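Laboratory data are not the source of any read-out in this text; all were calculated from the coordinates shown. Please read these numbers as outputs of a predicted model, since none were measured by experiment. Cβ placement follows ideal geometry from the backbone for every residue including glycine, while neighbour counts extend to all protein chains displayed.
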Amino acid sequence: MFAVLKTGGKQYKVQSGDILRVEKLAAEAGEKVQFNEILMLGGDSPKVGVPFVKDAGVQAEVIDQIKGEKVINFVKRRRKHSSKRTKGHRQKLTLIKVTDILATGADKSGVKAAVGGAGFAVAASDGRYAKNKGEQAEMAKRVSEGEAKEKSAKPAKAKAAPKAAAGADDLKQLSGVGPALEKKLLAEGITTFAQIAAWTDADVADMDEKLSFKGRIEREGWIAQAKELSKS
């Protein structure tokens, strides 16, 4: 018998004894988990789900939490003041071994549901784990409501907005700079036109990435404006 299960937005055709890598599950090595989103069961009496096969499941043992191959992302902006950025990413995965394929009885198996994500498996107050999506959603709602009440009981202190130091320039004179952008610049310690006028290409690329300006510095011509304003 084989099964087609869905997890992490992907579909896998599995048989008992198969070892495969799936999107990260909230489970530790040695734990047993159950996949409840079964799209199809194959064998002597095949079943096709609508969209899932009722009461079917695939049980597996978590072998280890691993990372996939490194993927390199390179971005280059071709402008007057060009910038480039290289980032590496390794996807978090879970290595599992399929132990059982259940045609029926999955809802009453008592095995912890395979919950995706880097967080934790949502559990009920009595220690039971949710066995289906409806139960998972209900438990997650109760947890989030409890956290919201806890946060409202302890109001967070509002962060004071950064203030311009004595002798600072009015950065709002630069084209496209309003109170919000000025606040971002002050938070980075940029308080005078002279500082902006002295920016190098590397500084521009750094500020563009840090503050998500998306090329605004070159587009608005801040450096040229700052040079003129610093003379006055």
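Could you pull out the pairs from Lys92/Lys184; Lys84/Lys214; Lys92/Lys214; Lys172/Lys210 whose alpha carbons sit more than 22 Å apart here?
Over 22 Å Cα-Cα: Lys92/Lys184; Lys92/Lys214.
Add +1 for every Lys or Arg and -1 for every Asp or Glu among the other residues with Cβ under 11 Å from the Cβ of Leu185, and state the total.
Computed value for this residue: +1.
With a 10 Å radius around each residue's Cβ, average the other Cβ atoms per peptide and rank 30-39, 66-75, highest first.
Packing order, densest peptide first, comes out as 30-39, 66-75.
If you average the sequence gap of Cα pairs under 8 Å that are 6 or more apart and divide by the length of region 171-231, what percent do you get for the contact order?
Answer for region 171-231 is 41 percent.
Could you point to the residue in Gln173, Ala198, Phe213 farthest towards the positive end of region 171-231's charge dipole, with +1 and -1 charges on the Cβ of Lys/Arg and Asp/Glu respectively?
Working it through, the farthest residue towards the positive pole turns out to be Gln173.
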